[in-house]
Amino acid sequence: MKKQRQVRYAGLTLAILGMLLLSTLAIAADTAKVMHPELSEQEMLTPCADCHREATPEVEKEWFNSLHGIAMVKCYQCHGTFGDFVVTPSRENCATCHLDMMEKCSKDKPCWECHVPHSFKEKK
């Protein structure tokens, strides 16, 4: 009986330590900013894809082959410009072009919970 209690306490202690570690990592990830190389005013006017073709080729290729890429929807139209860039566009950004679809979709979920970002294929 005493041994079982010790095993339970050990398991509970490990679970609590694991949760503390995960929450610390989540907080660190939220507060860590990805630093973009400093750009001149002229470089800030360069289309994102021009540099990201080399910097993040998988993302650029995914966008390029998507319906948005084929339609030539530019990065800034969803993500903003260099000065006001957001990694995760709001639902309002999507509604700019897709208001009809936004009215049909769940209001409590972002678009990318149902659609793969950049390819915009339905998740299965």
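At-a-glance table
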quantity: Residue within the range 60-77 that is of a type in the set (D, E, K, R) and surrounded by fewer than 12 Cβ atoms within 10 Å (Cβ to Cβ) present; calculated: no
quantity: Check on Val86, at pLDDT 85 or above, surrounded by 14 or more Cβ atoms within 10 Å (Cβ to Cβ) and among the β-branched types (Val, Ile, Thr); calculated: no
quantity: Subset tally (residues that are polar (S, T, N, Q), over 17 Å from the mean Cα position of the chain (by Cα) and at pLDDT 70 or above) for the range 22-59; calculated: 3
quantity: In the range 41-59, the residues that are under 22 Å from His115 (Cα atoms) and surrounded by fewer than 12 Cβ atoms within 10 Å (Cβ to Cβ); calculated: Pro57, Glu58
quantity: The range 105-124 residues that are at pLDDT 75 or above, paired with ones that are among the polar types (S, T, N, Q) (beta carbon under 7 Å, 6 or more apart); calculated: His118/Ser66
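The values are calculated or read from the model by the stated rules, or taken from the named source; none is laboratory data. Just so it is clear, the structure is predicted and the values come from calculations on it, not from any experiment. FYI the Cβ positions are ideal-geometry reconstructions off the backbone, even for glycines, and counts take in every protein chain you see.
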